[in-house]
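Below: the structure, in structure tokens.
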Amino acid sequence: MFQDIRYGARTLLKSPGFTIVAVLSLALGIGANTAIFSLVDAVLLRPLPVADASSLLAVSTTDQRNPGNLPLSHLNFKDLRAQNSAFSGMAAFTFAQVNYSSGKESEQIPVQVVTANYFSLLGTQPARGRGFLPGEEETATPVAVISTGFWERSLGSDANIVGKTLTLNRTPFTIVGIAPRNFSGTLLGGAPSLWVPVSMHRVVQPGFDWYDTRRGLFLFAIGRLKPGVTAEQARSNLRTIFANLEQAFPVDNKGRSATAVPLLDARLNPNGQGPNLVLTLSTILMVIVAIVLLIACANIANLLLARASKRRREVAIRLALGAKRIRLIRQLLTESLLLSLAGGAAGLLLAYWCLSALVAARLPLPFPIDDSLSLDPRVLAFTAMLAIATGVLFGLAPAMQATKADVIPVLKNELVPSAAGTRGLAAYFTMRQMLVVAQVAASLVALVAAGLFLRDLRHQQHIDPGFETRGVLVMNFNLGREGYTPERGQVFFDQITERVAALPGVKAAAIAENPPLAGGFLRSVFPEGADTTTKDRVLVQVNTVGLGYFQTIGISIVHGRDFTRADTAKSPKVVVVNQTMAQQFWKTDEPLGKRFKFFGDQDYTTVIGVARDSKYNAVGEDAQPFIYQALAQNYPPAAALHVRASGDASALTAPVRNEVRRLDPTLSLFDVRTLEEQVSQALQPQQMNVMLLTVFGVLALLLASIGLYGVASYSVAQRTREIGVRMALGAQPSSVLRLVLGHGLILVAVGLALGLVFAYTMAGFAKALVVGVNPHDPATYLVTAGVLGTVALLASYIPARRATRIDPLIALRTD
């Protein structure tokens, strides 16, 4: 073996051009696979950072009127934890954002609000310090467990950090522990900077009053099965308890029950409904990068086949001296494995660089990633196995063909007949030609995938969002975190709106709880005369907006009126609804003056206007009902200031900030951006999908073109004597051009036909991801096939053009 390795290394070093091209091609293919596998591994394959994950179930609410699994309410969770007989323990958590002050500056960081037994139930021990104590869940105790990433990034890896304090929402919290490295919770994209006990929810979630209601669903619950208890027994026990809760609290729990699924399933698809988009995208990306690697392997195999033709004499001499064929195959395979291992090492470095850049840039990838993304031992093992399999894949066929040499003719330096001497399909489909056909077909599949995602992105970019995106500046703040009372907060809203509206270059200013594309607060709505026991309720998103909001954003009131200063906290509650809600709730009836109740309200709310439909959560979403309620009648602790500029909106950032500082020098502003940037950011996941698939698609196209060029060049070299004879007998250069080009075009045509069939068959996987485009859209297939065909034509044309310049006299002297 060591003799084969030494000889193989010397042989490869003697051909540096071949070796460099082969290693680089493999590095691209293996690096792409390693990088994508690292993402998939972190999301789908890496074991949960908990003890005995198989005994953990995610407990959730089911509702007759809402498909899928929903979170639990806080009061229902406490009853389930106290009454169940299936779990040895239950824990719960929810998400929040807090202002972290490190001196003069403050930033917004994600936290999880958890029950005291959260870490102990998961079997996760803090790397330093401790978790939460039982009493810290019931009695408000400002303590926190921080993540390793936050400790390193923001706290300088202070070895004595346990026991020190940090300021969250202007409240000092004592750090009692540091979570283990790579622990980011049990949900994808959860990755909090720290954890606080549920008793501190009033500090970290000011204004959020659902903890004392049974209706509000916001807690994610986990239960650990008792020994010998099955998941089905646990579900049965939960249903029994919830049936009693429905009887005890019929208004809040009408039509509701509980269920439990394995924690890993809930991690990947918390709602439990519809296609798993992360899994679907993971599959598509892994298929595409596998195609890229296969194309690279085909190129290397073609290079080895060409190289084998030059080593016919060497192989023949070895056979004549008594070497067995299996021994020669082993030697040639060793060379292939050396190439693949070198390519694997280079690919590993490439993947490491790409992943480090992704983590540092915090790009909005379709995969939720955090600091735990790394090349762990599982990824290294994958790369090693991939390199070995690649070496065998592209090396075996050339090795077997090279060792078939006919010893006597080769030793006599006699010419070996080329493919030109064959007839029919065999003239076009030798092993090298079949590899090129496969490359063309595979690259077309990759290009079609990129084309579908690109068309979907362009479709969404041209969708009218229903509001004017140009010339609007948006900045967010949370007065609740700063200790504002509702009365003081309303005064601040009025003052900052008036001050900013008076600035030069400002046309209008308004406050809203949520900026465009940030969604709204889901509330249960009961039209007047409906059954208020939840039978006729409908969940509708609600946004709270101030005076002048519709004019500032550019949403027109198509019927009725806007809010006025007469709509105060003491006047009857009024709302503006969108066109979809007016149609859905009241059909052809006049919506103005219609009344409904929000769940929990004693008084009716009256519709005073109908606003034009717009997009509320995503640019590509379908029309849905939406409600705007008056800011003066509904105080939101967190809000966004919207400023309409007469020119460039970004130029107003500094003047508006200065006005905010004059009112409150310590108020933290975050997510300051123009509305155009907000819309662009909403499309960033789709843009990243397109970028990844386009990069891999272009890489596949490039490698396939190189393969086609290599085959055409090799064919011209092998047929030099034949072409010389043809030209000596009077063949015109145009005839030679058609001869050589026609050979390449047949390979391309067959590859395109096969690729179209494969791409059409596989397109169904992308249906859930390209909602704005038909996955079998003919235009996409025709355009990508045209692009690939054109590039392939150019790759064949260059060798064909060179063939027309062959000197017949020189060609006829060639042995």
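The values are calculated or read from the model by the stated rules, or taken from the named source; none is laboratory data. Everything numeric here is computed off the predicted structure, so don't read it as measured data. Quick reminder, even Gly has a Cβ in these numbers, built from the backbone with ideal geometry, and neighbours come from all protein chains shown. For accessibility, only protein heavy atoms count, side chains too; no ligands or nucleic acids. Shrake-Rupley method; radii C 1.70, N 1.55, O 1.52, S 1.80 Å.
Per residue, what accessible area does the chain have, given a 1.4 Å probe and all protein chains present, in Å²?
44
Give the peptides 49-55, 581-587 in descending order of average Cβ contacts within 10 Å, highest first.
Going from most to least packed, we get 581-587, 49-55.
For the pairs LYS594/LYS615; LYS507/LYS587; LYS254/LYS570; LYS14/LYS404; LYS254/LYS597; LYS78/LYS254, note any where the Cα-Cα span goes beyond 27 Å.
Where the Cα-Cα span goes over 27 Å, the pairs concerned are LYS507/LYS587; LYS254/LYS570.
Using only Cα atoms, find the angle between the long axis of helix 778-803 and the longest principal axis of the chain, and express it within 0 to 90 degrees, rounded to the nearest 10.
It is inclined by approximately 30 degrees.
By per-residue mean of other Cβ atoms within 10 Å, what is the highest-first order of 125-138, 383-396?
So the order, starting with the most tightly packed, is 383-396, 125-138.
So what's the angle, to the nearest 10 degrees on a 0 to 90 scale, between helix 277-310 and the longest Cα principal axis of the chain?
Long axis of 277-310 versus the principal axis of the chain: about 10 degrees.
For the full complex of protein chains and a 1.4 angstrom probe, list LEU793, LEU225, LEU285 by accessible area with the highest value first.
Heavy-atom accessible area, descending, gives LEU793, LEU225, LEU285.
Stretched out fully, how many nm does the piece from ALA248 to ALA140 gain, at 0.36 nm a residue minus the Cα gap?
Gain on stretching ALA248 to ALA140: 36.0 nm.
For the chain, which whole-number percentage of the solvent-accessible area (1.4 Å probe, protein heavy atoms only) is attributable to carbon and sulfur atoms?
Its accessible area is 60 percent carbon and sulfur atoms.
Any chance you could run the full-extension gain for GLU677 through SER88? It's 0.36 nm times the residue separation minus the Cα-Cα distance, nm to one decimal.
207.2 nm
Using 1/(1 + (r/R0)^6) with R0 = 22 angstrom and r between the beta carbons of GLU314 and MET431, what's the FRET efficiency to the nearest 0.05?
Given R0 = 22 Å and the Cβ-Cβ separation, E is 0.65.
Just to verify a number: FRET efficiency for VAL725 and THR283, C-beta to C-beta distance, R0 = 51 Å, to 0.05?
After rounding to 0.05, the efficiency reads 0.45.
Ordered by packing density, taken as the mean number of other Cβ atoms within 10 Å over each peptide's residues, highest first, how do 621-629, 229-237 rank?
Result, highest mean first: 621-629, 229-237.
In square nanometres and to one decimal, what's the mean projected area of the convex hull around the Cα atoms of the stretch 59-132?
Quarter of the Cα hull surface area: 7.7 nm².
May I ask you to derive the relative contact order of the chain, considering only C-alpha pairs under 8 Å and at least 6 residues apart, and to give it as an integer percent?
Relative CO of the chain lands at 16 percent.
Can you list the aspartates and glutamates whose alpha carbon is less than 19 Å from that of LYS767, not counting same-chain residues fewer than 8 positions off?
By straight Cα distance, LYS767 reaches ASP456, GLU621, ASP622, ASP777.
Compare the Cα positions of LEU48, THR588, ILE723 along the charge dipole of the chain (+1 at Cβ of Lys, Arg; -1 at Cβ of Asp, Glu; about the Cα centre) and return the one farthest towards the positive end.
Selected residue: ILE723.
If R0 is 30 Å, what FRET efficiency do you get for ALA566 and THR213 from their C-beta distance, rounded to 0.05?
Efficiency computed from Cβ-Cβ geometry: 0.45.
At a temperature of 25 °C and a viscosity of 0.890 mPa s, determine how fast the chain diffuses translationally according to Stokes-Einstein, using the Kirkwood radius over alpha-carbon pairs as Rh; express D in µm²/s, rounded to the nearest whole number.
Calculated translational D: 78 µm²/s.
Tell me the mean residue ellipticity at 222 nm calculated for the chain from its helices only (DSSP H runs of n ≥ 4, each -39500 (n - 2.57), averaged over every residue, nearest 500).
About -15500 deg cm²/dmol.
Please list, in chain and number order, the residues 5+ apart from ARG128 or on another chain whose amide H is under 5 Å from its amide H, with Hs placed from the backbone.
Those qualifying (amide H under 5 Å, at least 5 residues apart or on another chain) are ILE178.
Using label points projected 7 Å from each Cα along Cα→Cβ, tell me how many nm separate GLN3 and SER356, to one decimal.
About 4.2 nm, to one decimal.
For the chain, take the longest principal axis of its alpha carbons; what is the angle in degrees between that and the long axis of helix 653-663, to the nearest 10 within 0 to 90?
Orientation of helix 653-663: about 30 degrees from the principal axis.
When every alpha-carbon pair in the stretch 89-146 is counted, what percent end up more than 12 Å apart?
The share of Cα pairs beyond 12 Å in the stretch 89-146 comes to 72 percent.
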